[in-house]
Amino acid sequence: MTSAVQPTRRGVLGAAGAGALAVGLTGAGGSAAAVSSYRGNRGDRSDRGDGRPADGGRGRTVAILLYDGFTALDAVGPYEMLCRLPGVRVVTVAHRPGPVRTDTGQLALTAERALADVRRADVLLVPGGGNRGTVATMEDRAVLNWVRLLHRRTTWTTSVCTGSLILGSAGLLKGLPATTYWASRPYLAKLGAVWTPGRFVEAGRIITAAGVSAGLDMGLHLAARLCGDATARATQLAVEYDPHPPFDSGSPEKADETTRRLALKLIDDAVVPAA
């Protein structure tokens, strides 16, 4: 196993702390210089991601829908690929501003804006969620009307995982190729879509991503659509997205039946039941 010879994150931080202590004993100037150099190389992150275009034109807005029971990575994965793009502003939207609980109940993200306050966006992103959250949102007339409203004027309407079922419930996928979470594929047909294999599927101005982590790939693809391949490649390096998973069971075609059943059990057991 490689972990025996690779330094742990805690070990690296500990070594860094010891080095800082040594610098402090020999003089604080070295530490200050290192911090100054680091800040200069990295830039002030607070100056980035404000959505102001470099050319002074109108910025582009990415609206991410949050709803009770959504899956965190479905929203955060694409967000991480899009939030640093020049001229792009990401805004989180829910029924009302404030914390919105994820499917496991162990994390909440803050919605900045209410549905009624966001009437247009250049990009709409609908994340998936646990069964309870997804089904409730598929039946939420206010959310579906809002999705339809934004879709009329978006450049791109996108989803991750079971978020495509929400798009389908809004009537946006009829006759179109689309993808979703592997265990939810049969439901796409009931919503008029044609399930199509792939980490993400682009059909006109609608892009649907497969399950959870596929949102990272879709987000990077969307970054290229918005700002070009060069910026997307730089974004990939900026977040050091170079996946090499230790296992090869990331799709149902690669996993055996025991693994598939356990995967669904892990998801079901982690989801917070309805109140």
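Derivation of every value follows stated rules applied to the coordinates shown; laboratory data play no part. Note that this is a predicted model, so its numbers are computed, not measured. With ideal geometry, Cβ positions are generated from the backbone for all residues, glycine too; neighbour counts draw on all protein chains shown.
So the values come out like this:
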{"quantity": "Spacing of the two label points (7 Å from each Cα toward its C-beta) at residue 249 and residue 190, in nm", "calculated": "2.8 nm"}
{"quantity": "Residues whose placed amide H lies under 5 Å from that of residue 176, excluding near-sequence neighbours", "calculated": "194"}
{"quantity": "Vicinal HN-Hα couplings computed from phi for region 65-74 (Karplus, 6.51 cos²θ - 1.76 cosθ + 1.60; Hz; Gly/Pro x)", "calculated": "6, 10, 8, 4, x, 6, 8, 4, 5, 4"}
{"quantity": "Computed E for residue 155/residue 106 - FRET, C-beta separation, R0 35 angstrom, nearest 0.05", "calculated": "0.55"}
{"quantity": "Derived scalar couplings ³J(HN,Hα) [region 215-226; Karplus, 6.51 cos²θ - 1.76 cosθ + 1.60; whole Hz; x for Gly, Pro]", "calculated": "x, 5, 5, 5, x, 5, 4, 5, 4, 5, 5, 7"}
{"quantity": "Equivalent ellipsoid semi-axes, region 60-237, via Cα gyration tensor eigenvalues times 5, rooted, Å", "calculated": "21, 19, 16"}
{"quantity": "Region 88-100 - phi-based ³J(HN,Hα) in whole Hz, Karplus 6.51/-1.76/1.60, Gly and Pro as x", "calculated": "10, 10, 9, 10, 9, 10, 8, 3, 8, x, x, x, 10"}
{"quantity": "Potential lengthening between residue 257 and residue 205 on full extension [0.36 nm per residue; Cα-Cα distance subtracted]", "calculated": "15.2 nm"}
{"quantity": "Amide H contacts under 5 Å for residue 101, placed H, 5+ residues apart", "calculated": "69"}
{"quantity": "Charge dipole magnitude, Cβ of K and R +1, D and E -1 - region 60-237, Cα centre, debye nearest 20", "calculated": "480 debye"}
